[in-house]
Structure formats: C-alpha cells, structure tokens
1. Longer than 18 Å from Cα to Cα, which of A:134/B:249; B:149/B:223; A:134/A:249 are they? Say none if no pair is.
2. So what's the net charge close to residue A:261: Lys and Arg +1, Asp and Glu -1, counting the other residues with Cβ under 11 Å from its Cβ?
3. Could you please report the charge total around residue B:298, scoring K, R as +1 and D, E as -1 over all other residues with beta-carbon less than 11 angstrom from its beta-carbon?
4. What FRET efficiency comes out for the pair residue B:21/residue B:133, r = Cβ-Cβ distance, R0 = 56 Å, nearest 0.05?
5. Taking a label point 7 Å from the Cα of residue A:270 along the Cα→Cβ vector, which residues of segment A:226-241 have an amide N closer than 15 Å to it?
6. For A:81, A:21, A:105, B:193, what ranking results if the residue with the fewest other Cβ atoms within 10 Å of its Cβ goes first?
7. Could you work out the relative contact order of segment B:100-279, using alpha carbon pairs under 8 angstrom and six or more residues apart, expressed as a whole percent?
8. Cα axis of helix A:157-167 to longest principal axis of chain A: angle in degrees, 0 to 90, nearest 10?
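What follows is calculated from the coordinates using simple rules that are stated; it is not laboratory data. All of these numbers come straight from a predicted model, not from anything done at the bench. Virtual Cβ from ideal backbone geometry, glycine too; neighbours counted across all protein chains shown.
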Number of protein chains: 2
Amino acid sequence: MSDKVLIYSRLPKSLTQRFADRFELLDSGGKPAHEVLPADEVAQIRALITAGGTPLGADDMDRLPALGAIVCYGTGYDGVDLKAAAVRNIAVGHSPGANAAAVADVALMLMLASVRRLMVADPYVRNGGWAEAKPSPLMKPPPSLSGCKIGVYGMGEIGRKIAARVAAFETEIGYFNRTRYDDLPYQYFPSLDALAEWCTVLMIAVRAGADTTHVVNADILKKLGADGHVINISRGSVIDEGALVAALKGGTIAGAGLDVFETEPHVPGELTSLPNLVVTPHIGGNTRESHVAMQACVVANLTAFFAGQRLPYQVK
Amino acid sequence: MSDKVLIYSRLPKSLTQRFADRFELLDSGGKPAHEVLPADEVAQIRALITAGGTPLGADDMDRLPALGAIVCYGTGYDGVDLKAAAVRNIAVGHSPGANAAAVADVALMLMLASVRRLMVADPYVRNGGWAEAKPSPLMKPPPSLSGCKIGVYGMGEIGRKIAARVAAFETEIGYFNRTRYDDLPYQYFPSLDALAEWCTVLMIAVRAGADTTHVVNADILKKLGADGHVINISRGSVIDEGALVAALKGGTIAGAGLDVFETEPHVPGELTSLPNLVVTPHIGGNTRESHVAMQACVVANLTAFFAGQRLPYQVK
C-alpha cells in the first residue's frame, strides 16, 4: 500500500512542505475528502494530519475505510472522537509539549496587554489622542501585577510554563488541576470555583474536552471580580462566550485576552467590538521553532505508523 | 514661610490629591508659573513637583527665587539641570525604584507584542480578516523567544526587573552597563555595540542623559539584524527616532515597542503609521501601587524639605 496522507484540516502549504517531502499528500483544502477527491484515492488513505481542534467523528472515520492513523498537528486532540478511533483500531498521535513555550508566551502577552490595556493605549498614541491632549482612556491606573493573585487552570506542560513565567512578575500563583503535584511551589486549589474565588487573573491552560465545556461560566467570572481578567490559550469551548461578553460589558471583570474561540475562525461581533478585550487568531504555537518541533512529531508519528510500529507520540 | 508647592509639569488632579491634603498647591497647568500666577505667589514658591522628563533649566529656576527643592514624580530626573540646581543650593529628589516593577511589566508587554505581532493580530480577528479567510499578516511565523538572545541596556532597578522577567521566558540574557555587577547571572558586554552585535532583542532601561542621547542609532539597529526588536521604556532621547523609522520601514529590524518618545506627547506620523510597531503613552509606571509608592516618595521628600532636613530620596 502507498504512504498516502490526507491533509484533513485547512493547513497552509508552508506548514505541510516537510510532510510532502516524505509522503504523498492529498489535500482536500479543509473540505470532506469524499467531496473533492476521487473515491479510489479516498479508499487508499491510511493516515491523516489534522489540527487537533477540527471535528473528526465516527462518521468521518467511516468515510476513510483504510484509515489507521490520525496525527494531530499540535498538542490538542479535542476534535477527535477517541472512542470511535479506538473501536476502529485507529491510532491517534499528537505533538506533546512541542509548542508549550510559544503558547505560554502568548498567554503572558495577552495577560499583560489585558491588564495594562494595550489595545486602547496603542490607538490613543497612534490616532493622535495623546498629542492632542484628548481625555485619556488610561486615566484610571490598573492594579500592579506584582502581588497580584494569578490562577492557573490546568497544570500540564503549558500550564507549568505559564506559571514559571508569571512567577517572575512577583505574583502569587495558585492552580487547579485534576492531579495535585507536590513538586510545584504553587498553592493548590481543589476546584475551579475555589481557584476563581481566590485569584484575580485566571489563566486557562486546561486540556479541552466534554468535561471542560463552558466550565468558565458567569459564576466563575463573577468570582474573579471587578479587577479580574481571564486569559485563554487552551480551547474556546472552555469559556461560555455569551457569559464572557456580558461580564466584560457589565464590568463584572476588567478584561479578557483570547487566542482561542468557540467557533474558529468566527468570533462574535459583540465580543470583538469590546474595548476591554485583546484577541489573537489562535497563534499560540505559531513560531518557527514550534512548527519545526511539531512537524518533527508529525513526521515521527507517520514514519512509525507506515513502518508498522506504535506511534512515538501517541495520545494516552 | 508657607508650604507652597508648585505643580510644575502638567499632572492630572487625580495624581496630586495626596499632595493637596498636605501642602498648598499652586498648579500652573504645565505653563510657566510667572505667566499664570501672581508675582507675589511665585516669589513664595519654595518647592515644586515635576515629571522628571520635563525641561527645568537655570532660567526656570531663576524665575522662582525662593526655590529650595525640586521633587520629581517618578524615578527619572533627566529634564532637571542638576548642576544649575546645585549652584543655587536647590535639592533635587525623586522616587527611586517605586515604579520599577510596573515599568518592567510594560517592557515585557511591548517585547511580547512586538515579537508576536499583536498589533496586526488583534485587528485581523477584530475586523473579520480571520473569519473571511483573508490572507493572514501572520503567515510567516516569528522565531521563538525561548533560546533568543536578549540584551538589557542599563542594569539599574528597572533593568534588573526586566532581566528577571525575561529570564523566565527561557532566553539568554546579556547586558551593558557602566558598572559590571558580579552578583548577576547574565553575560556582561563592555559596550552597547558589543551587546547589540550579540543580541536580537534590545531592551533599553538606561538612565537618560546627555551621554545617552541618540546612542541607539542606525548602526546599533543594524547590528540587531532582521529578526531584531528594540524596546524602550526609558526615555525617548536614547533612540534616534529618524533612524528607527528607517530601520522599521526597510526591514533592518523586525519591530519595535515604545513607551517613550523624543518629544512627548508628540509622536511622528511616520512612526505611528508603521505596522511593525507597538506604542503606549508613557504608561510604564501607571499602576495604582506605583502611584502610591511614587507619591509616598514625593510626600516624604517635601515633608523633610519643609522641616529643614535632607531629602530622604535625594538624587545622587
């Protein structure tokens, strides 16, 4: 059989070049393969590369009868129905940790930009408001980060890197995670509620799944308080976006920084029109070195699969 | 004699309230006192509060014949002619370190926003470019911060806090400072040239003065290279803004983040029109806790002065 690999999600060519050097790629441009590729080619697809957040359920798998490996580009695999894959004996791989530093950097950028109100500060200078001595949108000084209580929700590789960075800003750090780690010098909270009650800035780094959908809701946001900020670099599904809009509009919290959204790339207009928000188009892992590391995981997973071996970066 | 204190720079009322509780303030709204206040009041002014960057030379001092103390709000005092003050037996005070953490936070915010291109990323989401699958301005991934060489120019209290924060991002740190500190775990460079040759991101935290005017020039920027970024939270005078515009336009460096400018609040249009720039209106020290700490220094300096004592936070 051939080493035909389907590019399942819409991925720029610049990111798939390294795979094209090694495998025969079939790119359906993000559309279902059976709609755009000949049936005999679809029948030969044994492996696919997907962005972990793209929905990939039992029906999608059944349309690829030869499928034996689902390889996620990045650390996430929340779009993949793991049970359906297991039943069909399809291996699922990802790129654990490869982008953790880059994602943590974006989390810190969004935190600082939200707390120090960069998205109103920059236009105030750029559009001449400062030069013309117009009333400043920054008249009310924000609280300092030093001494601030930062809650990290999810203490995987990304959460740990976020905490290590945040600690350098002279903050207090607490975390909630299913597992409590005795090697970490941070205060542990037994629930997201308890963490939100304690902290002012909530950094979401939890692995997304059915159990985390909309767990950051109106109640959690209220607990952060009027000086509160919520930062999300995990998955959009973790936050109830409607509740977030209401909290930002009503002053329940001070601001938010989001790299991820419920229905990417669509972001509700009532969210993007808010001044106390900073947004990025899911660029957490988008650095040269992250891509190289993630691509190395993808190539290693595919190479092992086609050699009949276990994936080296298999989802547990 | 009365405890009359002139507000010399234009300062918002919200920042001077604590002084008004203790002293009789004369506020000339940033204009020369002799132009807006009665001559007999001007003659009684024994102390003034100024933003350290506001020009305050021998002539200005001579127009305030009773002046005995110049108290800078903040750590900077580069606008004050120290020799002229010494000759006239005028004490000069400031607020050393009171805002160091807050300023370092803004330095990190500007660094992250410049490297990860926040000022094009946010509008790409906000204006619908992402949702409409328009060509992304972020197609070319930037290099990761981890492993990146960061140069800190000036290793005072702010420089140290910048370095401590930057280190958490898994970077390499080098510095240039008049004094070499053996207690610091960072690589020392004997000149700004050598530091710029080595580093990719240059963080300017040097105390401004005649000897640092335009030291970050076309030559230094060229040494940073095409992936280079320059971040300035010190004073605008340190960078040759014309050379910076040319370097950003021509791709000599990748980006810049500026909280300070040569002629504040005026920022050249050819600078603010650039996409690879992030700017803030001199908000480095603008946090609640920083203002409280800076105001405490101002009150302590004025209280000591009017009691006939040496200023506790006197400029050395």
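1. Values: A:134/B:249 29 Å; B:149/B:223 13 Å; A:134/A:249 24 Å.
Correct reply: A:134/B:249; A:134/A:249.
2. Net of charged neighbours comes to -3.
3. In short, +2.
4. Working: r = 58 Å, r/R0 = 1.04.
Result of the calculation: an efficiency of 0.45.
5. A:240-241
6. Values: A:81 19, A:21 9, A:105 28, B:193 14.
Placing the least packed residue first, the sequence is A:21, B:193, A:81, A:105.
7. Working: 329 pairs, mean separation 40.1, N = 180.
Relative CO of segment B:100-279 lands at 22 percent.
8. Rounded to the nearest ten degrees, it is 20.
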